[in-house]
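Everything on this sheet refers to the single structure shown next.
What follows is calculated from the coordinates using simple rules that are stated; it is not laboratory data. Since we're looking at a predicted model, the values are computed, not measured. Cβ coordinates were reconstructed from backbone atoms using ideal geometry, including for glycine residues, and neighbour counts include every protein chain displayed.
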Amino acid sequence: MPETNYAEILPSSPSEELLDMAEKYWAETNAIVMSVDYINDPLTQQKNKVVHCHCTACKGSFYCDYKSGGSCYWSRTKYGFFNTRTNEYISSGSNTLCPECGAPVRVISISDMYRNTYSLGRALFTEVKNIESKVCIISWEIYKEADKKGKISFDWYRNEAYIADGKKMIRCSGQRRYFNSYQIYSSWMQTKRFDDCLGRVKKETLLPFGEEVIIGTSCENSKLELFAQTEEISLVSYLRLWQKHPNIENLVMQGHASLVNEALLKAASLSKGYNYSNWRGSTNVTAFDFKKARPHEMLKLSKEDYLGAIKNKLSLSLIEDLVLYREYDHCVTPDNVALIRKTIGQRYGEVQNSGESLVKVCNYIAKQEKKYPDFTNRIEIKTLLDYWNMAQTRSAKTGEPIERYPQNLIAKHDQLVELAEFERQKELLEAFAKRAEKLTPFAFADEETGLMIFVCPDESQLIKEGKTLHHCVATYAKSHAQGNTAIFFIRHTDKPDEPFFTLELDEKTYRVRQNRGLRNCARTPEVESFEKKWIEYLKTNKIGKDVKKNGKRTRKSDRTAAVA
């Protein structure tokens, strides 16, 4: 059986109603088309250069004084005129008011026109028709143009068309798209598969239609005319979704077309991107239970929650959050779900892991904000979770009970931060002391170069070294204290307290990882010579290495090393 060519039933041009709609849509979009002209001065009988203007709003034609120059970045025109109504210089590409009628206009020079016309605006306009008992959604790109004389005309070309026939959805295209261009067909061309390339349709660019359009078609019960009353609708995707799940009309009949549209937008965004490119319809719509027929069951809500959602005018995303929150906390209601989302947001999983009530957490934060208004910007779920984590860590060390909801959250939080910082500094000091004791034998001095080297004693000296020499050695504090690297200071023997060069050493292999001076400058010849002597000293004396003596293994660093 030959395949039906649906492109043959589609109209070859937009309807007069759609063209009238486009004309009203751009009624306030007008321009002044200007060109250079010459007129005779009756007194001097000389030709004067003027600007001849044609206004598309008042259909008037008038002359203005010629002014050279122009500043619009895209315009090739370097002239303009002085607008006596606004008292300003106007060039091509400027927006102003018509000197004659006062209408808002865009000034265009004929030299900036493409093929003798200028497009004042273009948009996609959509109409829904009943053609041969089939619902056809047809999209046209209609644009308003002005010619050199300011005459207005409307032109169009085919964009996309979709035909619903039974359980099938057929796409016909009026153009072929490439990477950065497109080819316009001379007639509709049927594609091999269905893709929603139309996407969202704005209400102001959709020709209004009633129930009579779908009566007698296979989509008679789709309630498409009710769904089309939403502001920005996924018209094609809805029809495709209804073909697969006819019970979706129950939600539309109950006034939930916006929820259905939100689900379609979300599914398109998650699947193939925001612009609906190559999206097939309903496979990613998971917000509804299509096995149910009643609206509240399709939304996965109880009757009470459904009535509360209607009362609070909840969006689909809030309804989904309500379902999610209720599975964990039965105290969540349609009245407080918006507050919970605002307060907790993306931290829901962390609160859930803590085992605390969502409602209790939100009420506590709200009371803290009211009680301590000066700290409103700090009283948030992030601070509370951070406090819980620190309290849990401290409780594991000391066995102290955790106060989940303190009287002053900020004070308690800051107190734990100070305690944690004090303990960290204490541990770091101890670690630095151990490292300094272990690496003391690495100290070395050389009379020839007048330089000396010794291990970094503590974190404060490391910070001072970085600030004085303007490099980032202070960030190596933790790594040095943990034994992952070793930081040494190179100084002049007569100036032992003045930072000169900073050296990082792999103590296990005697390999110098880096040696930098002021603003990360490279080694000077004297520093390079000193470094070689020091490394040779370490290798010769096996500083920090295990050695055998009397059959026992000891470490060279455990013995006192002479300073050369």
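Computed from backbone phi, the HN-Hα couplings of region 229-236 come to 7, 6, 4, 10, 10, 8, 4, 5 Hz, rounded to whole numbers (Karplus: 6.51 cos²θ - 1.76 cosθ + 1.60, θ = phi - 60°; Gly and Pro given as x). Counted by neighbouring Cβ atoms within 10 Å, the residues Y66, Y185 run from fewest to most as Y185, Y66.
Extension gain, Q229-R294: 0.36 nm per intervening residue step, less the Cα-Cα distance, totals 21.2 nm. Cross-link check: pairs K134/K202; K168/K292; K434/K542; K129/K342 evaluated at a Cα-Cα cut-off of 32 Å; pairs beyond the cut-off: K129/K342. Taking label points 7 Å from Cα along the Cα-to-Cβ direction, E211 and K49 give a separation of 6.8 nm. Straightening the chain between D497 and L324 buys 56.0 nm, computed as 0.36 nm per residue apart minus the Cα-Cα spacing. With the simple spin-label model, which puts each label point 7 Å out from Cα in the Cβ direction, the N408 to K59 separation comes to 7.8 nm. Look at F179, F432 and count the other Cβ atoms within 10 Å of each Cβ; fewest to most, that gives F179, F432. What net charge do the residues around T493 carry, taking every other residue with its C-beta under 15 Å from that of T493, with Lys and Arg at +1 and Asp and Glu at -1? Its environment carries a net charge of -4.
Taking a Cβ cut-off of under 12 Å around V128, the surrounding Lys, Arg, Asp and Glu residues balance to a net charge of -3, with basic ones at +1 and acidic ones at -1. The ranking of C172, C521 from fewest to most other beta carbons within 10 Å of each one's beta carbon is C521, C172. In this simple spin-label model, placing a label point 7 Å from the Cα along the Cα-to-Cβ direction at both K370 and K533 gives a separation of 7.6 nm.
What the Cα convex hull of region 67-171 gives, in volume per residue, is 140 Å³. Once the Cα-Cα distance is subtracted from the 0.36 nm per residue extended length, the F422 to E304 segment shows a gain of 37.2 nm. Determine, at each q value in 0.09, 0.17, 0.19 (inverse angstroms), the log₁₀ of I(q)/I(0) that the Debye formula gives when each Cα of region 157-302 is one equal point scatterer. Normalising to I(0) and taking log10 leaves -0.28, -1.00, -1.23. For K397, a cut-off of 21 angstrom between C-alpha atoms picks up these lysines, skipping any fewer than 8 places away in its own chain: K412, K426. Neighbours of H54 by Cβ distance under 12 Å: Lys/Arg scored +1, Asp/Glu scored -1, total +1.
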